[in-house]
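The values are calculated or read from the model by the stated rules, or taken from the named source; none is laboratory data. Note that the coordinates shown come from a computational prediction; the quantities given were computed from them, not determined experimentally. So basically every Cβ, Gly included, is an ideal-geometry build from the backbone, and we count neighbours across all protein chains shown. Accessible surface areas use protein heavy atoms only, side chains included; no ligands, DNA or RNA. Shrake-Rupley method; radii C 1.70, N 1.55, O 1.52, S 1.80 Å.
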Amino acid sequence: MSDPKRLHPIAAMINMLRQLKELIVPILFFTVVGSRGNENVFYFIAVGVGLVLVLLTGILSWYRFTYRVEEGELRIEHGLFVRKKRYIPFERIQSLDITEGILQRPFGLVKVKVETAGGSKTENAEAVLTAIRKEEASQIHDFLVSVKNSKRRDEFEEEAVPIQESIIYRLSFGDLLLLASTSGGVGVVISAIVAFFFQFEEIIPYEKVYKEVEHFIANGVIFVSIVVFLGFLLAWVISVLGTMVKYANFTLKKVDQDLIITRGLLEKRQMTIPLKRIQAIRISENVLRQPFGRGSVYIESAGGSALNEEGSKVLVLPLIKKQDIAKTLEPFLEEYPFKSNFHTLPPRALTRYLGRGVVIVIPVAVVISYFFKPWGYVSLLFILASLIWSALKYKDAGWAIDKDFLVLRYRTFVKNTVLMRKEKIQSLTARKSFYQNKKRLATIEAVVKSGHSGSGGRVKDLEDKDVINIYQWYSRDAHH
Amino acid sequence: MVPEPQTRISKRALVVWRITGVITSLFSWIVGGALVTLGVLFDWPVWMIIALIILILIFSYLFTFFFPKLRWKRWRYEVREQEIEIQRGVFIMKRTLIPMVRVQHVDTQQGPLLRKYQLSTVMISTAATVHEIPALEMDEAEELRRSISRLARVADEDV
């Protein structure tokens, strides 16, 4: 594989299309302005020249772009006027992201994104081969695997190790449907609320109440709510379809020392997460999915560049029955404690949780009730909602230490359970306010690396003895 | 809780923070002065003007005397063989552990005010977080920077 190779010519077209997309505004501007005056010939020429330039640079830069595999490096040379070379040693490659785009697909081509170890926040963290044949992509992939293997194995052993591949998880159609219909999150809730009020509209005889004077307005209200409702419904349907297209055929595999995700209907995507790069595992339970006993599992990974945030928090199990999570992942993510005994919060923490929610909601509700009588009183319901939500937060919060792992559980809007290996925790902070101190409570926060920034978990109002325990568990110098 | 970290930051930090506090209170004096003038011009009730002046005085006292003092008293750190521990906070006590193996690099930093008092701030970065130890004596900061990077280098683990 050492001869310099060009990308498939379709790459030139893809690049041109991308450039045209950027030029579309100026071109439209030119044509609109141009068609008004007498000098429209001039403008058409300008547009024509622009198009030809795009065409030429597209072809030329395609012609100049070569790649080859040489001396254990992926060597890319490109550049129209300035010749640029980028040599990427295979050991430095973090992951290959293989995508089958709509344009690549008919030709049996794929787009390969090579991601190197982050650090730099520029696009230098990655290189893209826009369109190459599938076989070549898999050759590069195999080569990468063999390089990584040979590094691990004894260098004298020459034969290739048979690659072990096992499927961990496949998203069933039923689950895909559920995933898509509950992923709108807030949108779903809003349309449900609108639908609810819309029904009120029918029960309460608005038109009789406002018979004469308000007749017109009442009609207006109904019309507006119908439009708003339909708008939300449409947005929701679109988001459902979008999610379905995105997550169709979702498969999670373990190949050798990597987790590989493939998904997508129109655009097939493949993502690789080296097991070594896993920083933490996050189980998220959305309120809408909880009634179905289902949650999602994410992996916080050290990979991913600043431009590709998707690479840092990867959805590995989009939707799964809660009790199946341990069974599914345990064989592949050894040691991670999926079933640990959680310590919950002491009862005296409950008032603090309730207080924190209510302290924001009560003033708002009071103000609304005062200024918008009589309907403003409905806002007092928010107080009830906030109390329920805070109680849920209290109930869900908890922690566990299981050998080398710290597990924190807390709820924001979704319930999160974060499993962190001690080695991967970047820093641990215990905090205690004056009032917490009085109640002998404290807050614990652990940060892990996720892409280029931090992620992790924070649980408020634990028993302060527990916080000390966690703190000492994390401390490496036995000074206490 | 567990025994506190032992090292304190420089006593001169207190001076720097007081100066910062004075600058902050100056703003409150400007805003407060404007309000008092308005009050006199437009005949606000006398108690309102008095309350305003008391408020400004309390504000200045807190920011130039009370908070810096408390902050300094709470600020402690300790650099050990395998980890760094930091304790700080005025209203909320925070204690953080940073293992040496997680330290990526250490910087020192110095603004004009700190330079005048021969102090500098040490910033410890991990892959995901940055921690600050403010206002150390310059040589102490330099020494700290050196020893942390030495200890951090010894412990070489993958991210």
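Name the residues in the range A:433-443 that are facing another protein chain (nearest Cβ under 9 Å) and surrounded by 22 or more Cβ atoms within 10 Å (Cβ to Cβ), would you? Passing the criteria: only A:ALA442.
When the range A:419-442 is filtered for residues that are within 26 Å of B:VAL101 (Cα to Cα), free of Cβ contacts under 8 Å to residues at least 24 places away in the same chain and not in a strand (DSSP E or B), only A:GLU423 remains. Considering A:ARG18, A:ARG83, A:ARG68, the condition of being touching a Lys or Arg at 6+ places or on another chain (Cβ under 9 Å) and either among the aromatic types (Phe, Trp, Tyr) or modelled with pLDDT of 80 or more (or both) is satisfied by A:ARG68 alone. Within the range A:444-480, being more than 7 Å from every other protein chain (Cβ to nearest Cβ), assigned to a strand (DSSP E or B), at pLDDT 90 or above and open to solvent by 10 Å² or more (accessible area, probe 1.4 Å) holds for A:GLU445, A:ARG458, A:LYS460, A:GLU463. Any residue at all in the range A:121-131 that is at positive phi and either of a type in the set (A, V, I, L, M, F, W, C) or at pLDDT 80 or above (or both)? Looking for residues that are at positive phi and either of a type in the set (A, V, I, L, M, F, W, C) or at pLDDT 80 or above (or both), one finds none in the range A:121-131, hence no. Does at least one position in the range A:361-383 carry a residue that is open to solvent by less than 60 Å² (accessible area, probe 1.4 Å), under 29 Å from the mean Cα position of the chain (by Cα) and not assigned by TED's automatic domain parsing to the domain that holds A:SER183? Among the residues of the range A:361-383, not one is open to solvent by less than 60 Å² (accessible area, probe 1.4 Å), under 29 Å from the mean Cα position of the chain (by Cα) and not assigned by TED's automatic domain parsing to the domain that holds A:SER183, which makes the answer no. Applying the condition of being in a loop (DSSP other than H, G, I, E, B) and open to solvent by 20 Å² or more (accessible area, probe 1.4 Å) to the range B:1-13 and asking which residue is nearest to B:GLY111 (Cα to Cα) yields B:LYS11.
Screening B:ARG115, B:ARG95, B:ARG80 for residues that are under 30 Å from B:ARG146 (Cα atoms) and open to solvent by 60 Å² or more (accessible area, probe 1.4 Å) leaves exactly one candidate, B:ARG115. Of the set (1) at positive phi; (2) modelled with pLDDT under 90; (3) away from every other protein chain (no Cβ under 12 Å), all apply to A:VAL414 but (1). The residue of the range A:327-343 that is surrounded by the fewest Cβ atoms within 10 Å (Cβ to Cβ), among those that are aromatic (Phe, Trp, Tyr) and closer than 13 Å to A:ARG409 by Cα, is A:PHE342. A:PHE405 satisfies every condition listed in (1) open to solvent by 30 Å² or more (accessible area, probe 1.4 Å); (2) closer than 17 Å to B:ILE98 by Cα; (3) away from chain B (no Cβ under 14 Å) except (1). Exactly one residue out of A:THR31, A:THR57 is part of a helix (DSSP H, G or I) and modelled with pLDDT of 80 or more: that is A:THR57.
For the range B:63-82, a residue qualifies if it is under 15 Å from B:PRO3 (Cα atoms) and within 11 Å of chain A (Cβ to nearest Cβ), and the qualifying residues are B:GLU78, B:VAL79, B:ARG80. Filter the range A:334-388 for residues that are within 30 Å of A:LEU259 (Cα to Cα) and among the basic types (Lys, Arg) and give the result. Within the range A:334-388, A:LYS339 is the sole residue that qualifies.
Residues of the range A:298-319 that are modelled with pLDDT of 85 or more and open to solvent by 10 Å² or more (accessible area, probe 1.4 Å): A:TYR298, A:LEU315.
A quick yes/no check of all residues on (1) assigned by TED's automatic domain parsing to the domain that holds B:ALA141; (2) free of Cβ contacts under 8 Å to residues at least 24 places away in the same chain; (3) in a helix (DSSP H, G or I); (4) not polar (S, T, N, Q):
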| position | (1), (2), (3), (4) |
| --- | --- |
| B:VAL15 | no, no, yes, yes |
| B:ILE19 | no, no, yes, yes |
| B:TRP44 | no, yes, no, yes |
| B:LEU52 | no, yes, yes, yes |
| B:ILE58 | no, yes, yes, yes |
| B:PHE63 | no, no, yes, yes |
| B:LYS69 | no, no, yes, yes |
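Within the range A:250-269, the set of residues being in contact with a helix residue (DSSP H, G or I) (Cβ under 9 Å, 6 or more places away or on another chain) and open to solvent by 10 Å² or more (accessible area, probe 1.4 Å) comprises A:LYS254, A:VAL255, A:ASP256, A:GLN257, A:ASP258, A:ARG263, A:LEU265, A:LEU266, A:GLU267, A:LYS268, A:ARG269.
Residue under question is A:ILE425, and the condition is that it be more than 19 Å from B:MET93 (Cβ to Cβ), within 12 Å of chain B (Cβ to nearest Cβ) and within 27 Å of the chain's Cα centre (by Cα); does it hold? Considered against the rule, which asks whether it is more than 19 Å from B:MET93 (Cβ to Cβ), within 12 Å of chain B (Cβ to nearest Cβ) and within 27 Å of the chain's Cα centre (by Cα), A:ILE425 comes out as yes. For the range B:118-146, give me the residue count where each residue is away from chain A (no Cβ under 14 Å), more than 15 Å from the chain's Cα centre (by Cα) and open to solvent by 20 Å² or more (accessible area, probe 1.4 Å). Selection size over the range B:118-146: 8. Considering each residue of the range A:344-360, count those that are aliphatic (A, V, I, L, M), loosely packed, with under 12 Cβ neighbours inside 10 Å and modelled with pLDDT of 90 or more, and give that number. Total meeting the criteria: 1.
Results for (1) under 25 Å from A:GLN426 (Cα atoms); (2) more than 15 Å from the chain's Cα centre (by Cα); (3) among the β-branched types (Val, Ile, Thr); (4) open to solvent by less than 40 Å² (accessible area, probe 1.4 Å), shown as yes or no for each residue.
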{"residue": "B:LEU35", "(1), (2), (3), (4)": "no, yes, no, no"}
{"residue": "B:GLY39", "(1), (2), (3), (4)": "no, yes, no, yes"}
{"residue": "B:SER60", "(1), (2), (3), (4)": "no, yes, no, yes"}
{"residue": "B:ARG102", "(1), (2), (3), (4)": "yes, yes, no, yes"}
{"residue": "B:HIS105", "(1), (2), (3), (4)": "yes, yes, no, no"}
